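Following: one structure in structure tokens, then a few remarks.
The values are calculated or read from the model by the stated rules, or taken from the named source; none is laboratory data. What you see is a predicted model, and the numbers here were worked out from it, not measured in a lab. Every residue, glycine as well, gets a Cβ built from its backbone with ideal geometry; the counts of neighbours run over all protein chains shown. Surface areas here come from the heavy atoms of the whole protein model, side chains and all, with no ligands, DNA or RNA. Shrake-Rupley method; radii C 1.70, N 1.55, O 1.52, S 1.80 Å.
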Amino acid sequence: MGMKKKSLKKTLLASSAFQPKPKIAKKGGPVVAQSNAPKKLKNRNVRVPYSHDETMLLVGEGNFSFSNSLLSTIYVQAPENMTSTSYDSEEVVHEKYPDAKSHLTPLIESGVKVFHGVDARDLGKTKALKGKTFDVIVFNFPHVGLGIKDQDRNVMANQDLISGFFESALKFLKPSGEIHIALKNSVPYTLWNIKTLGANHGLSLRTKTPFVPETMYPLYAHRRTIGFDERLSTDDNEDLKRGAGDLVNCFTFAFWRKEYAQKQAESKQKKKKPAPTPKKDAEYQSDSE
Ligand SMILES: C[S@@+](CC[C@H](N)C(=O)[O-])C[C@H]1O[C@@H](n2cnc3c(N)ncnc32)[C@H](O)[C@@H]1O
């Protein structure tokens, strides 16, 4: 009998109809150990804020290396659920970032939707996005890149970009969806007051996750708005490390709608505290009030 069972299992395993479930990232993404991360993170585990089953829109991509990194890891299992976009036209992307082709080719070949000339402040202008909603909308290291020297004006110009992005992205976000912005953890970026900008648009901060490319997004190579110039730029994300000292260099700020956050908190609270068991004559008592 035991023998029979064993051979049946073997036969089933060999048939295409019965395959073990693939190992996939749980909601919230896999946990990655930070062995060679900045001091504060060393040997801590960080959960990647992306999971396999989400519909995702990426805006303001530079060389498309972040999208390609998500695709190449287990964070994205259905490439058709991913839409990746740049502000620059296709021609300008290739001019500015010579390595863009190596990231765009696998994206396009696997079925990721790629669009160029997409303004994060006016997503509605992109016809292909019409009627679409997403679980996550991501803008990594947004920057107007106008070379404004005056710090206050520079901060304001970037705050305008983020506010415009929040306003537009909300129209394409599912009720339970998240808007992600990765930022450096140093001046002037900390002066942007991203949490307040979110609050102004009815968003609250759900999570703030360290952004450590080496361990979490291995193919990601940060690019400046101005483009890649090997005399000025660095290929190994050195730009992201500058100015942060021993602190964690960058974070992904994940926002969700305030009212949805409240609902979630309420239902969590209800689950924690079971309602008191009604007294025997409770019905009679309430009827008589
Ligand atoms: C510092 S670069 C970061 C590029 C890329 N996200 C990365 O992480 O390497 C800032 C990016 O913001 C984009 N950007 C600026 N204004 C934008 C807008 N209105 N809509 C979409 N992207 C914009 C630029 O084209 C540039 O790609």
Matching residues in the stretch 147-157 - criterion: being touching a helix residue (DSSP H, G or I) at 6+ places or on another chain (Cβ under 6 Å) and open to solvent by 20 Å² or more (accessible area, probe 1.4 Å): Ile148
Qualifying residue in the stretch 160-172 (condition: touching a strand residue (DSSP E or B) at 6+ places or on another chain (Cβ under 8 Å), at pLDDT 95 or above and of a type outside the set (A, V, I, L, M, F, W, C)): no
All positions within the stretch 158-192 that are more than 16 Å from Pro142 (Cβ to Cβ), in contact with a helix residue (DSSP H, G or I) (Cβ under 8 Å, 6 or more places away or on another chain) and among the basic types (Lys, Arg): Lys171
Tally, over the stretch 48-92, of residues that are away from the ligand (no atom under 11 Å from the Cβ), over 21 Å from Phe211 (Cβ atoms) and among the charged types (D, E, K, R): 4
Lone qualifier among Val93, Val48, Val59 - being modelled with pLDDT under 95 and either open to solvent by less than 10 Å² (accessible area, probe 1.4 Å) or within 16 Å of the chain's Cα centre (by Cα) (or both): Val48
Pair list, Cβ < 9 Å and 6+ apart or interchain, from the stretch 174-186 residues that are touching a residue at least 60 places away in the same chain (Cβ under 8 Å) and under 14 Å from Asp135 (Cα atoms) to residues that are among the basic types (Lys, Arg) and open to solvent by 10 Å² or more (accessible area, probe 1.4 Å): Pro175/Arg257; Ser176/Arg257; Gly177/Arg257; Glu178/Arg206
Wholly enclosed strands (runs of 3 or more DSSP E) of the stretch 111-210 bearing at least 3 residues more than 13 Å from the ligand (Cβ to nearest atom) and of a type outside the set (A, V, I, L, M, F, W, C): 173-184, 203-210
